[in-house]
Amino acid sequence: MTTKEEKKNPTVPAQPPTSATFSSITEKFADRLMKAGPVIAEKIVDALTDIELKRRTDLVTKAFELLTSLKEELGKIKPDRFDFDEDGVMTKKSFSPETNSKRQKLKNRMRNLEGAIDQAVSEQSNFKRLDEVLKSGGEDIKKEDSSSS
């Protein structure tokens, strides 16, 4: 059986590792593991940071998707009252109280969502509020719950 090195360079004979080489490798391996605490801690910090950044990125993405959906829904609401002059020409379009209320609720949800997005991507990074607003579908939530997370 030939090694990769023998296949590349057939003049080099295969040499099994000597016990001194193996011992040296084992010692270096053990030494590095003993000193690996800070390296491992740094890798854990990096991994946890990556997980949290992904969670926060996903929250903002969901918020934008909901905001887009709300804007589309708002755009579908059309005036449902029409005024005509004596000649039958439409003079004014308006919203009934029910339709206007529906529009205002959508606009409030959009404002809440936009405010929560702004807080999340600001210097204070308040993602707790964004999470709460998303869970409520953009509905108004208590203002005192605006601590950073």
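Residues in region 62-87 that are loosely packed, with under 10 Cβ neighbours inside 10 Å and in a loop (DSSP other than H, G, I, E, B) were compared, and the one that is modelled with the highest pLDDT is K78. Here R55, R109 are screened, and the one residue that is assigned to a helix (DSSP H, G or I), surrounded by 14 or more Cβ atoms within 10 Å (Cβ to Cβ) and charged (D, E, K, R) is R109. Just a yes or no: is a residue in region 88-99 in contact with a helix residue (DSSP H, G or I) (Cβ under 7 Å, 6 or more places away or on another chain) and surrounded by 15 or more Cβ atoms within 10 Å (Cβ to Cβ)? Yes, because at least one residue in region 88-99 is in contact with a helix residue (DSSP H, G or I) (Cβ under 7 Å, 6 or more places away or on another chain) and surrounded by 15 or more Cβ atoms within 10 Å (Cβ to Cβ). Among the residues of region 46-75, those that are of a type in the set (D, E, K, R) and more than 23 Å from V133 (Cα to Cα) comprise D46, D50.
If you check S125, S101 for being among the polar types (S, T, N, Q) and not in a helix (DSSP H, G or I), only one passes: S125.
Being surrounded by 11 or more Cβ atoms within 10 Å (Cβ to Cβ) and modelled with pLDDT of 95 or more: is that true of V45 here? For V45, the condition - surrounded by 11 or more Cβ atoms within 10 Å (Cβ to Cβ) and modelled with pLDDT of 95 or more - is not met.
The values are calculated or read from the model by the stated rules, or taken from the named source; none is laboratory data. Small disclaimer: the values here were computed from a predicted structure and weren't measured. As a convention, Cβ positions derive from the backbone with ideal geometry for all residues, glycine included, and neighbour counts pool all protein chains shown.
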